[in-house]
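Right, one structure below, let's go through it.
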Amino acid sequence: MFLTKEEEKLLERGDGVSKCMEILVALGEIFGAERLIPIKHSHISGVSYQNIGDEGLEWLKGLNVNFAVKTTINPAGMDLDRWSEMGIDGSFAKKQIEILNIFKKMGAELTLTCTPYYIYKPSIGEHLAWSESSAVIYANSVLGARTNRESGISALASAVIGKTPYYGLHIKENRAPNVLVKVECDFDPAILGYKIGSEIDGIPIFKFNRKLSDDELKALGASLASTGNIAIFHVVEQTPEWDHFEIPSEKIVVDELEVELDCGPDAITLGCPHLSKNELMRIYDLVRRFDGKAKKIFWIFTSRKVYDEMRDVVEFLESRGIRVFRDTCMVVSPATERFECVMTNSGKALTYLPKLRGVKVVYGTLEECVRKAFLG
Ligand code: F3S
């Protein structure tokens, strides 16, 4: 990979910056990148103490670097204010806060959300280095920005250098679809992505019989990226780059979608990915149809930004027995491990709750989840 003189010098410093350059150069060489390109924004995932551990914490401490570009952070293992209410113990909380303070010192904004695009919306064609598969697929598909599916480490390295290797989805022709997915039945986008993500090898372009909302595109992308190695999709007549390429001849037709999961939920969770303002409003409208407090544990997750902008709604939901948590989620927090079976509307949570938290899952639409919580 070609490096400018300045970039070569960064490699030779022998400090944390050099380590970050080494990571980017290794990545670029593996994927055949010609050079590095500047990025505007990095988003770092994998920041839970459970994920980083003591070894990772020591590595982070020793790095001693500053971020060169805007850098945001994915959810951590707990709500920073309400961790004890989640059942997180003090020693975990102490380590988690230590990790976040290191990121803050490096210059990150402690956004602690997987929806960084609600805080800073990248423009079409903008180059990013984002980890968090649901945010990556949203940025590429719905916003038309450009990012590969980075790991937490490569996103961190890019944040320090302010650059990323130029390969993969940064290059226009690599964003072309190779399979048309025609959906002919009624569908929930989260379940569509959950069911067909693993069947797709490459980049799908969907043809739907209706227009999807941004929240539905978010749910579709998060599910696709969880069951498949997918970082971009297109939707005919909807997403920004759908008509920049030819429609592929290979075709999949979806005419029925069934989910076979079943268990009796002891908790209901919503907000994977983190809830938008619209989604929070939908929950509010549904909850108002029921009397009294939720009969089951009902946890929902959103960003601090959405939480702060929707204080009245949050207070109402809390008064009805729902817990509205920030900074974390049902998948990255070990708090969910105490449940036997969780009901959720998220295809990504259906994929990862059993794998990472060892809990059984059952699917319900947003409406079904609220109903289950209040009617039992
Ligand atoms: Fe976000 Fe957690 Fe789901 S990070 S996409 S809410 S697994």
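What do you get for trypsin sites (Lys or Arg not before Pro) in the stretch 52-145 restricted to DSSP loop and a cutoff of at most 15 other Cβ within 10 Å of the site's Cβ?
Sparse-neighbourhood loop trypsin sites (Lys or Arg not before Pro): 82.
Between the DSSP loop rule and a limit of at most 15 other Cβ atoms within 10 Å, which chymotrypsin sites (Phe, Trp or Tyr not before Pro) in the stretch 61-147 are left?
Sparse-neighbourhood loop chymotrypsin sites (Phe, Trp or Tyr not before Pro): 120.
Run the 1.4 Å probe and let me know the accessible area of residue 329, rounded to the nearest 10 Å².
10 Å²
Starting from a Cα-only point model with no solvent, please compute log10 I(q)/I(0) by Debye for the stretch 210-271 at q = 0.14, 0.28, 0.29 1/Å.
-0.61, -1.43, -1.41
How big is D, in µm² s⁻¹, for the stretch 1-85 by Stokes-Einstein at 25 °C and 0.890 mPa s if Rh is the Kirkwood radius over C-alpha pairs?
Diffusion coefficient, whole number: 162 µm²/s.
Trypsin sites (Lys or Arg not before Pro), restricted to the stretch 146-251: which are DSSP loop and have at most 10 other Cβ atoms within 10 Å?
Counting only loop positions with at most 10 other Cβ atoms within 10 Å, the trypsin sites (Lys or Arg not before Pro) in the stretch 146-251 are 210, 211.
Okay, helix-only estimate at 222 nm for the chain: each DSSP H run of n ≥ 4 adds -39500 (n - 2.57), divide by all residues, round to 500 deg cm²/dmol; what do you get?
-11000 deg cm²/dmol
Compute the Rg/Rh shape ratio of the stretch 155-204: radius of gyration over Kirkwood radius, all on alpha-carbon atoms.
Value, to two decimals: 1.15.
Once each part is reduced to its C-alpha centroid, what is the distance from the stretch 82-123 to the stretch 24-47 in angstrom?
23 Å
Only bridges with both residues in the chain count here: give the DSSP antiparallel percent, nearest 5.
Close to 10 percent.
Could you rank 297, 88, 23 by how accessible they are, 1.4 Å probe, largest area first?
297, 23, 88
How many times 2.2 N^0.38 Å is the alpha carbon radius of gyration of the stretch 141-228?
Here the answer is 1.23, to two decimals.
Which ³J(HN,Hα) values, rounded to whole Hz and listed in residue order, are derived for the stretch 6-11 from phi using the Karplus coefficients 6.51, -1.76 and 1.60 in 6.51 cos²θ - 1.76 cosθ + 1.60 with θ = phi - 60°, glycine and proline given as x?
4, 5, 4, 4, 4, 5
Just the number please: accessible area per residue for the stretch 1-157, 1.4 Å probe, all protein chains included, in Å².
For the stretch 1-157, the solvent-accessible area averages 43 Å² per residue.
Just how many % of Cα pairs in the stretch 184-331 lie over 22 Å apart, if you round to the nearest whole percent?
Tail fraction, whole percent: 50.
What's the longest bit of the chain with no exposed GluC sites (Glu not before Pro), using DSSP loop states and at most 16 other Cβ atoms within 10 Å as the test?
261-339
Across all directions of projection, what mean area in square nanometres is found for the Cα convex hull of the chain?
Projected area, direction-averaged: 18.1 nm².
Straight-line reach from residue 360: which lysines have Cα under 25 Å away, leaving out those fewer than 8 places along the same chain?
Partners found: 195, 218, 293, 295, 296, 348, 372.
With the other protein chains left in place, how much accessible area per residue, in square angstrom, belongs to the stretch 263-376 at a 1.4 angstrom probe?
Per-residue accessible area for the stretch 263-376 comes out at 39 Å².
May I ask you to give the percent of accessible area on the stretch 288-327 that is carbon plus sulfur, with a probe radius of 1.4 Å?
43 percent
Could you look at the stretch 67-217 and say what percent of its accessible area is carbon and sulfur, using a 1.4 Å probe and all protein chains?
49 percent
The values are calculated or read from the model by the stated rules, or taken from the named source; none is laboratory data. Only a predicted model underlies this, so the values are computations on that prediction, with no experimental measurement involved. Cβ coordinates were reconstructed from backbone atoms using ideal geometry, including for glycine residues, and neighbour counts include every protein chain displayed. Heavy atoms of the whole protein, side chains included, go into the accessibility calculation; ligands, DNA and RNA do not. Shrake-Rupley method; radii C 1.70, N 1.55, O 1.52, S 1.80 Å.
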